[in-house]
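One structure below.
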Amino acid sequence: MQQELLVVENLSLHFGGVAALTNIDLTVRKGEILAIIGPNGAGKTSFLNCISGLYRPSGGRIFFEGRDITRLSPHRRAALGIARTFQNIELFKHMTVLDNIMLGRHVHLRSGILAGGIYWGLAQKEEVRHRRRVEEIIDFLEIEFIRNRVVGSLSYGLQKRVELARALALEPKLLLLDEPMAGMNVEEKEDMARFILDIAEEWGVTLVLIEHDMGVVMDLSDRVAVFDFGRKIAEGLPEEIKQNPRVVEAYLGGQLAEEA
Amino acid sequence: MRLRFPWTTNCGLFFTRYEEDQAFLPSRAAKIKVLCLFALLLALPWLVGPYPLRIASQVAIMALGAVGLNLLTGFAGQISVGHAAFMGVGAYAVGALTTKLGLSFWLALPLGGLAAALVGAFFGLPSLRLKGLYLAIATLAAQVILDFAFVRLEPITGGAAGLVLTPPSLGPLSLADDTVFYYVTLALTMAGVIFALNLSRSRVGRAFMAIRDRDLAAAMLGVDLFGYKLRAFFLSSFYAGLAGGMLAAYTRVVTPEQFTLDVSIQFLAMIVIGGLGDVLGSVYGAAFVSLLPIALSYLAQALQGVLPQMVNLLSACQTALFGLVIILFLIFEPQGLAKLWRHIKDYFRLWPFSY
């Protein structure tokens, strides 16, 4: 029996009269890769936003390692070990790649204004110690050559990779990836898929990812959850999901499914 | 033998330790250059007369204030139109503590900084909910309220007449002496600049920049947005308070007119012209903004023989010229004097074969 890392109970989210999410129950087990799929506007990103604390859910509860985090502020959740990437890259554009990734280690660093301003001594030791860790991540994601570049000047694919590096620097227990392969070519997708598998296997990180590329989803994920119109309509192993008539209907439309 | 242009100090460097990579002055040439500059600053009292020396002290004070504002606006991205008022809090605190309570100036100065920092952090509270222009208006309110308080809190501030300070002393030396005052200001401003430079390359500075660039992403990575915005306001106002305290010792009189909205705008001009998010840029900007009117009046005097009308014209045009310079900077070099200086250095890196 695998341990449960994240338990979402009866989660609902409303914007005024619009229901973005309705009564979602979902459990993420330690060490697995869970993919969330569904048509546009199904509520996948809203769901991630609820977990990472960007949105306050209207109802329901979220437990992380048995602790109720439903009302916890985002930065506290990060300190517990929840990291994420964004659908539209949200990097610190005017900072270098190195600084972006170093910021990912914010929760692990301690120096405050005084130690930082005096620098020589405490803060410098800390910087060097954590720089070592950051360099490991840079090596792992193969972005050594852009280390000192300002992020805003990088290509889209590289920015995605830097964003992943920044999230990894947090050393998360749970990593939420919102469309990590959107807009990438086949080669970049293959690289990213390899990184994701390595993160799960070598680093022991539990992953929840939203992805539209079915091939990628079926290859990478241990389990798949399907959302449609703010509800979870199916959950199971990738092969089961492929056969599920409700999923086929949601994706292809009712009529087509009948014909097929 | 290595043939190299002497200005070029940071090329062909390969580091083997992270400490070296993170250092300010990664090469010996860079260290020598900074030492020369430092020696020049130390020798200044022997190189120039008393009037330019007083101007230099004034520039140093303004630079300290500008560095503070740059930490808040350039680094943390929180715009403040009340910086002069926070400076005023420091000046009045130092004035009141020394004249009314008879405290030593050296004790009153950090207390003045602290008073300004607390007031600044209080007026930073709206930054939890307000951004950009809206925050600018909220800090404008701080400016107006504090302006009012300076005039009306007569028992403490002396009202419109202000406070008159006795010149503080440092052991046997009196700060009324221009040379002594220059060295004290220089030391304080250099400490402030180095502190800010260090901060910008460590955890807190990175958190500030992250909030400026993408606040929500910063929160998702564990940065306590509100806490760090308040820290930025606190720190920035602490710098302003120290600068205010030094200004009080410099002019030896504290009056409300020294800390009006105009001065706040001037501070914003300094960091825009110098370079937002660049510590040394704030020093260049402070020097530029403080020296421009003086340079203009010299120009007017020089032209008096040729164009007698020029004196009146130039002094009238001063504000307009000032505005023109800011607009030109915004259009042609939004990253300010600091970036301009880097361009010049980059040009000379390959000189004379730069094609």
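The values are calculated or read from the model by the stated rules, or taken from the named source; none is laboratory data. Computed from a predicted model, the values in this text were never measured in an experiment. Note: ideal-geometry Cβ built from the backbone for every residue, glycine included; neighbour counts use all protein chains shown. Just the protein is used for accessible areas: all its heavy atoms, side chains included, with ligands, DNA and RNA removed. Shrake-Rupley method; radii C 1.70, N 1.55, O 1.52, S 1.80 Å.
Below are the figures for this structure:
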item: Of all residues in region B:186-205 being open to solvent by 10 Å² or more (accessible area, probe 1.4 Å) and over 15 Å from the mean Cα position of the chain (by Cα), the one that is nearest to the other protein chains (Cβ to nearest Cβ); result: B:203
item: Among the candidates B:92, B:134, residue that is part of a helix (DSSP H, G or I), out of contact with any Ser or Thr (no Cβ under 9 Å at 6 or more places or on another chain) and within 30 Å of residue B:228 (Cβ to Cβ); result: B:134
item: Top-ranked residue of region A:161-186 - restricted to ones that are in contact with a helix residue (DSSP H, G or I) (Cβ under 9 Å, 6 or more places away or on another chain), more than 17 Å from residue A:35 (Cβ to Cβ) and more than 14 Å from chain B (Cβ to nearest Cβ), ranked as surrounded by the fewest Cβ atoms within 10 Å (Cβ to Cβ); result: A:185
item: Criterion (touching a Leu at 6+ places or on another chain (Cβ under 6 Å) and closer than 25 Å to residue A:224 by Cα) met by exactly one of A:41, A:60, A:117, A:66; result: A:60
item: Set A:86, A:47: member being more than 9 Å from every other protein chain (Cβ to nearest Cβ) and within 18 Å of the chain's Cα centre (by Cα); result: A:47
item: Count of residues meeting criterion [among the hydrophobic types (A, V, I, L, M, F, W, C) and either under 19 Å from residue B:76 (Cβ atoms) or open to solvent by 40 Å² or more (accessible area, probe 1.4 Å) (or both)] in region A:81-106; result: 5
item: Criterion violated by residue B:305 - all others in (1) assigned to a loop (DSSP other than H, G, I, E, B); (2) within 23 Å of the chain's Cα centre (by Cα) satisfied; result: (2)
item: Residue check, residue A:152 without any contact (Cβ under 8 Å) to a residue 40 or more places away in the chain and part of a helix (DSSP H, G or I); result: no
item: Filter result for residue A:135 (part of a loop (DSSP other than H, G, I, E, B) and farther than 29 Å from residue B:234 by Cα); result: no
item: Subset of region A:107-142 (residues that are more than 28 Å from residue A:74 (Cα to Cα) and open to solvent by less than 10 Å² (accessible area, probe 1.4 Å)); result: A:119
item: Boolean, residue A:194 is part of a helix (DSSP H, G or I), of a type in the set (Lys, Arg) and in contact with a helix residue (DSSP H, G or I) (Cβ under 9 Å, 6 or more places away or on another chain); result: no
item: Residues of region A:51-71 classified as under 22 Å from residue A:3 (Cβ atoms) and open to solvent by 50 Å² or more (accessible area, probe 1.4 Å), total; result: 5
item: Set A:178, A:219, A:228: member being over 15 Å from the mean Cα position of the chain (by Cα), modelled with pLDDT of 90 or more and closer than 30 Å to residue A:74 by Cα; result: A:228
item: Within region B:249-277, considering residues that are of a type in the set (Phe, Trp, Tyr) and under 16 Å from residue B:92 (Cβ atoms), the one surrounded by the fewest Cβ atoms within 10 Å (Cβ to Cβ); result: B:250
item: Region B:216-248, subset open to solvent by 30 Å² or more (accessible area, probe 1.4 Å) and in contact with a Gly (Cβ under 8 Å, 6 or more places away or on another chain), residue farthest from the other protein chains (Cβ to nearest Cβ); result: B:230
item: Flag for residue B:121 being outside any strand (DSSP E or B), within 14 Å of another protein chain (Cβ to nearest Cβ), surrounded by fewer than 22 Cβ atoms within 10 Å (Cβ to Cβ) and at pLDDT 95 or above; result: yes
item: Residue B:126 part of a helix (DSSP H, G or I), open to solvent by 60 Å² or more (accessible area, probe 1.4 Å) and modelled with pLDDT under 95; result: no
item: Test set (1) within 7 Å of chain B (Cβ to nearest Cβ); (2) in contact (Cβ under 8 Å) with a residue 12 or more places away in the chain; (3) surrounded by fewer than 18 Cβ atoms within 10 Å (Cβ to Cβ) - residue A:74 fails condition number; result: (3)
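Residue-by-condition table, conditions (1) out of contact with any Cys (no Cβ under 7 Å at 6 or more places or on another chain); (2) open to solvent by 70 Å² or more (accessible area, probe 1.4 Å); (3) assigned to a strand (DSSP E or B):
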position	(1), (2), (3)
A:188	yes, no, no
A:201	yes, yes, no
A:226	yes, no, yes
A:232	yes, no, yes
A:240	yes, yes, no
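A quick yes/no check of all residues on (1) in contact with a strand residue (DSSP E or B) (Cβ under 7 Å, 6 or more places away or on another chain); (2) away from every other protein chain (no Cβ under 14 Å):
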| residue | (1), (2) |
| --- | --- |
| A:16 | no, yes |
| A:21 | yes, yes |
| A:35 | yes, yes |
| A:39 | yes, yes |
| A:54 | no, no |
| A:64 | yes, yes |
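Yes or no, residue by residue, for (1) within 21 Å of residue B:255 (Cα to Cα); (2) touching a Ser or Thr at 6+ places or on another chain (Cβ under 8 Å); (3) crowded, with 24+ Cβ neighbours inside 10 Å:
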position	(1), (2), (3)
B:72	no, yes, yes
B:82	yes, yes, yes
B:101	yes, no, no
B:105	yes, yes, no
B:114	yes, no, no
